[in-house]
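Asker: Before I ask anything, here is the structure I am working with.
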Amino acid sequence: MTAQPADFGYGPEETLLREQAKKLLDEYASTTTLRKLVGKDPAAVYARGELPGYDQAVWRRCVELGWTALMVPEACGGVGAKMAGVAALVEEVGRHAFPSPLLATLICSAVLRNASSPAAKRWLGKIAEGTTMSLALTGQRGSWELDETEIVAERAGDAVALDGCAFFVQDAFKVDAFLVTARSADGICLVVLSKDTPGLVLGRDHVVDLTRDQGHLTLSGVRISEEDVVASSSHGRHVLRGAWPSVLTLVSADLVGASEWLLQTTVDYAKVRKQFDRSLGFFQAVKHPLVNAMMEIDLARSHLYHAACSVDVEPEHAEVPARMAKSAAGDAATFMAGRSVQLHGGIGFTWECDVHFFFKRCRHNQALYGDGVHQRKKLANLLIGSPSAGAKS
Amino acid sequence: MTEPTSEEIEFREYARRWLDENKPRDVPFRLALSPIEITSREQKDYLQAWQRRCYEARLVGPSYPREYGGWGMTAACQRIAQQELARARAPFLLNLVALNMAAPTIFLHGDEEQKRRFIPGCLSADEIWCQGFSEPGAGSDLANVQTFCERRGDVWIANGHKLWTSLGQFAKWMILLARTSKDDKYRGLTYFICPVEGAAGVTVRPLVKITGEAGFNEVLLEGVTIPDGLRLDRVGNGWTVAMTTLLHERGAAEGAGGGARAPQLIGQLIAHAKRMFRDGDCAADDPVTRDQLMKLAIRAHGIELHARRAGVPALCDHPLRLPLQSKVLASELDQDVARLGTDLAGALGELAALDPRAPEHGHWPLAYMNSYGFTIAAGTSEIQRNILGERVLGLEKSK
């Protein structure tokens, strides 16, 4: 039996965080605004390769409200909010498909707060003040195993030399710095590099998701001092593993929020659109898939709040809840997004309908940090046990 | 969420201890898992005695007032008792229709005399109850019942045909939804307590399920006399009373089918997978099987979490959004679990209970076939989805 609070730790403070986010985003990040930002001209992003935009003025307001400080411990100048509240806020961010460096930065905070080095504390302090950051730990094959980095760290006198590439770096063109994992002789170490570090080159990825940007880092001859290492090679893997449930929970929250927007929007359409003299929702071929989608989203939501609460009160047992949440949220979002396009009919297939912004964000999110199949493979090892010797898995 | 009172905390500890000491072990025959699986009088007598013991131990009816045979404790004690019974994996309480439907309906709609007369026997299982709602022409469209009760002075004369009547072969009483007027589909319905065992004009005939077993019945009512004192609520108010019954029936399905039992269900399935073989290797090593197992584990755990989230209004957009899902989620999970259990046994999964090599005495294929009872009964999954689409999402009524 767990020692978790029955209400998932969701009290007045958490409600306030959600309300605050909802109010700000309803006012400044409506779908009309989103369309102006990233949906005016399909050729801009997809043909000419322009960066999808984001509203820096609104982002500054988010920073003023302390959103980047949320997951920074109070001792480092942050808010030290519970994940229960942060997840609620991120749900609202997903519900607005809000383009910003928030998710990337919260993910870095989750990793950094799990490392106890002076360098980690220094960077956490900067994040609390508005510095933004993104995690760079993936190789070019896109594996989400935590030690698959293609960046190599070598000692060079008093300094550490970093060479290699990192891929699938989220919102890389919005952030000030990167939290990079690097392989050394005896493990994985973590370092933070500001974007103007000599020897660091940022390359563009062209992604389907219009509410994000993505890049890859190339490090050649980057030198940093030993004091700037956030987690040494003997700790890096441990730090990442400990933070991983938070990472999965944050992305699940974004997925759940976006899915709920898709559900409500599609339900609204099914109420007003008439065919055969009836609203679409009259027909069970439309009604039942919407109900099925709602049930999938609700399962994901219950898992999300449980995962958040686990991160808060029993982090050592948070891996199973977080992987369950990511699996449920990714699959629910994929199902919901597909039904949203389909049930909107012809209009749902067009650029003119807002559904595609959310469809694309959901697809992107469900892949990030491991899709449902990946999460269930990990869960099976935890809940069934590793396959016996000789069996292929 | 309100914190549990000291009475509730004490009651939970007591219930856990009592079940630990008194839970039946080494039952000499396969215990039925639900009323539709009871095939012998031996099983019925055993389960009736078990409910009686639980009642005397205050685990049944704790929240009913003492004057109605209950134990006068807080409402939460009812839920605590159910949770602890599920947790202990104790045999189910035989008088299911009485506990989940008849007693709450009589408590809310009955007069003082009816409450004092009938609720105690529901709790102690001294009197078994069955439900007379469905008919050949009234399944999902329940308000279409044609069984007619005609008034003759102080009594009513009932004629009709009821179907899918679980426990009918053992029942003393039936909650009966019948037509008393042909002028209005809904307002022409009235709710009665109808005598069954030994009553003149009542014929209970077993219906055979796809498993080949009896387990439920059809009940013919031919000129059955029902005193007016057994009418529940006003004449013409039967539909409203029936909705009370269905609300309790579907709500109860959460505790019985999914929520509380879900983790045990998955534990049993995984243990089974470890004993079975697939292409000569352990089934629990097969990557596709592992994925399927985890999908169900995630669903089962999510359903369990729903019960917790439903208690936090700030995390529920619509008050009925989670409660109305419980029946369809639980019954479909049971079905999926039973199917996967059968599937991963391969050819062994097709061995019937009679075969000595059948895994777990043929439990999996039987459970799979019986699972359709629950996705059909108490409002089919399709009807549940209509209700959710209309009452929660606000979509146009499908008819």
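Read-outs: derived from the displayed coordinates by stated rules, not from any lab. Quick caveat: nothing in here was measured; it's all calculated off a predicted structure. Neighbour counts run over all protein chains shown; Cβ positions are idealised from the backbone, glycine included.
Asker: Normalised by the number of residues in region B:272-399, what is the relative contact order in percent for Cα pairs under 8 Å and 6+ residues apart?
Answerer: 22 percent
Asker: Jot down the per residue volume, in cubic angstrom and as a whole number, of the convex hull over the alpha-carbon atoms of the protein assembly as shown.
Answerer: Numbers: hull volume 139.7 nm³, N = 792.
Each residue corresponds to 176 Å³ of Cα convex hull volume.
Asker: Roughly what percent of Cα-Cα pairs across chain A reach past 29 Å?
Answerer: 43 percent
Asker: Let me ask another. Taking every pair of alpha-carbon atoms in region A:237-383, give the share separated by more than 20 Å as a whole percent.
Answerer: 49 percent
Asker: Hey, another quick one. Under 5 Å between amide H atoms, partner at least 5 residues away or on a different chain: which partners does B:MET73 have, H built in plane at 1.01 Å?
Answerer: Those qualifying (amide H under 5 Å, at least 5 residues apart or on another chain) are B:SER63, B:TYR64.
Asker: Can you tell me which of B:162-168, B:223-229, B:50-56 comes out highest on packing, and rank the rest after it, using the mean Cβ neighbours within 10 Å?
Answerer: Details: B:162-168: 23.3, B:223-229: 15.6, B:50-56: 19.0.
The most tightly packed comes first, giving B:162-168, B:50-56, B:223-229.
Asker: Next up: Output ³J(HN,Hα) for region A:77-90: one whole-Hz value per residue in order, computed from phi by the Karplus curve 6.51 cos²θ - 1.76 cosθ + 1.60 with θ = phi - 60°, and x for Gly and Pro.
Answerer: These are the phi-based 3J(HN,Hα) values: x, x, 8, x, 5, 6, 4, 3, x, 4, 4, 5, 5, 5 Hz.
Asker: Using modelled amide H (1.01 Å from N, peptide plane; none on Pro or chain starts), what sits under 5 Å from the amide H of B:LEU94, excluding residues fewer than 5 places away?
Answerer: Correct list: B:GLN51.
Asker: Using only Cα atoms and rounding to the nearest 10 degrees, what angle (0 to 90) does helix B:75-87 make with the longest principal axis of chain B?
Answerer: Helix B:75-87 and the main axis of chain B meet at about 40 degrees.
Asker: Note down the net charge around B:GLY139, summing +1 for each Lys or Arg and -1 for each Asp or Glu among other residues with Cβ under 13 Å from its Cβ.
Answerer: Here the charged neighbours net out to -2.
Asker: Relative to the longest principal Cα axis of chain A, at what angle does helix A:319-343 sit, 0 to 90 degrees, rounded to 10?
Answerer: 40 degrees
Asker: Okay, next question. Given the Cα atoms of region A:1-58, and with Rh set as the inverse mean 1/r over their pairs in the Kirkwood sense, what is Rg to Rh to two decimals?
Answerer: The Rg/Rh ratio comes out at 1.27.
Asker: While we're looking at this one, here's another question. For Cα pairs less than 8 Å apart in space and 6+ apart in sequence, what is the mean separation divided by the residue count of chain A, i.e. the relative contact order in percent?
Answerer: 16 percent
Asker: Something else: Using Cα centres only, tell me the gap between region A:162-211 and region B:163-236 in whole Å.
Answerer: 72 Å
Asker: Let me ask another. Sorting check: for A:258-271, B:187-200, which peptide has the highest mean count of neighbouring beta carbons within 10 Å, and how do the rest follow?
Answerer: Ranking the peptides A:258-271, B:187-200 by packing returns A:258-271, B:187-200.
Asker: Order of B:LEU176, B:LEU59 from fewest to most other C-beta atoms within 10 Å?
Answerer: By the 10 Å Cβ count, ascending: B:LEU59, B:LEU176.
Asker: Sticking with this one: Mind checking the mean number of beta-carbon atoms from other chains within 10 Å of the Cβ atoms in A:251-260?
Answerer: 0
Asker: Can you give the calculated 222 nm mean residue ellipticity of the protein assembly as shown, where each DSSP H run of n ≥ 4 adds -39,500 (n - 2.57) and the sum is split over every residue, rounded to the nearest 500 deg cm²/dmol?
Answerer: Theoretical 222 nm ellipticity from helices: -14500 deg cm²/dmol.
Asker: May I have the extent of the alpha carbons of region A:244-285 along their three principal axes, as whole Å values ordered from largest to smallest?
Answerer: 51, 16, 8
Asker: Which whole-Hz couplings ³J(HN,Hα) result when phi for each residue of region A:239-247 is put into the Karplus expression 6.51 cos²θ - 1.76 cosθ + 1.60, θ = phi - 60°, listed in order with x for Gly and Pro?
Answerer: Coupling constants for region A:239-247: 4, 5, 4, x, 8, 4, x, 5, 4 Hz.
Asker: For region A:50-91 and region A:259-301, what is the centre-to-centre distance using only Cα atoms, to the nearest Å?
Answerer: Their Cα centres are 32 Å away from one another.
Asker: Per 0.36 nm of contour for each residue apart, how much would the distance between B:ILE376 and B:SER6 grow if the chain were fully extended, relative to their Cα-Cα spacing?
Answerer: Separation in residues times 0.36 nm, less the Cα-Cα distance, equals 129.1 nm.
Asker: Can you give the relative contact order of chain B as a percent, counting alpha carbon pairs under 8 Å and 6+ residues apart?
Answerer: Here the relative contact order equals 12 percent.
Asker: Just order B:136-149, B:231-244 by mean Cβ neighbour count inside 10 Å, highest at the front, would you?
Answerer: Highest mean packing first, the order is B:231-244, B:136-149.
Asker: Give me D for region B:258-392 in µm² s⁻¹, whole number, from Stokes-Einstein with Rh from the Kirkwood sum over alpha-carbon pairs, 37 °C and 0.692 mPa s.
Answerer: The calculation lands on 204 µm²/s.
Asker: Pairs to check: B:LYS295/B:LYS399; B:LYS185/B:LYS397; A:LYS287/B:LYS399; A:LYS22/A:LYS378; A:LYS287/A:LYS377. Give those whose C-alpha atoms are more than 23 Å from each other in this structure.
Answerer: Details: B:LYS295/B:LYS399 34 Å; B:LYS185/B:LYS397 18 Å; A:LYS287/B:LYS399 12 Å; A:LYS22/A:LYS378 34 Å; A:LYS287/A:LYS377 33 Å.
Checking Cα-Cα distances, B:LYS295/B:LYS399; A:LYS22/A:LYS378; A:LYS287/A:LYS377 exceed 23 Å.
Asker: For A:LEU202 and A:SER30, FRET efficiency with R0 = 22 Å and r from the beta-carbon atoms, rounded to 0.05?
Answerer: Working: r = 31 Å, r/R0 = 1.39.
Between A:SER30 and A:LEU202 the formula returns 0.10.
Asker: Could you tell me the calculated FRET efficiency between A:THR15 and B:LEU247, based on Cβ-Cβ distance and R0 = 25 angstrom, to the nearest 0.05?
Answerer: Result of the calculation: an efficiency of 0.30.
Asker: Just subtract the alpha-carbon distance of B:TYR186 and B:ARG357 from 0.36 nm times their residue separation and send over the number in nm, one decimal.
Answerer: Taking 0.36 nm per residue and subtracting the Cα distance, the gain is 56.3 nm.
Asker: OK, next. Once you average over the residues of A:285-297, how many Cβ atoms of partner chains fall within 10 Å of each Cβ?
Answerer: The mean count of partner-chain Cβ atoms within 10 Å per residue comes to 5.
Asker: Any chance you could give the angle, 0 to 90 degrees and rounded to 10, that helix B:287-309 forms with the longest Cα principal axis of chain B?
Answerer: Helix B:287-309 sits at roughly 40 degrees to that axis.
Asker: I would also like to ask the following. Kindly write out, for region B:111-123 in residue order, the coupling ³J(HN,Hα) from the Karplus curve 6.51 cos²θ - 1.76 cosθ + 1.60 (θ = phi - 60°), rounded to whole Hz, with x marking Gly and Pro.
Answerer: Those phi angles translate into 8, 4, 5, 5, 5, 5, 6, 9, 5, x, x, 5, 6 Hz.
Asker: Sticking with this one: Per residue of A:301-314, what is the mean number of Cβ atoms on other protein chains within 10 angstrom of that residue's Cβ?
Answerer: Per residue, the number of nearby Cβ atoms from other chains is 3 on average.
Asker: Next question. Return the long-range amide H neighbours of B:VAL196 (sequence gap of 5 or more, or a different chain), with a cut-off of under 5 Å between placed amide H atoms.
Answerer: B:TRP173, B:MET174
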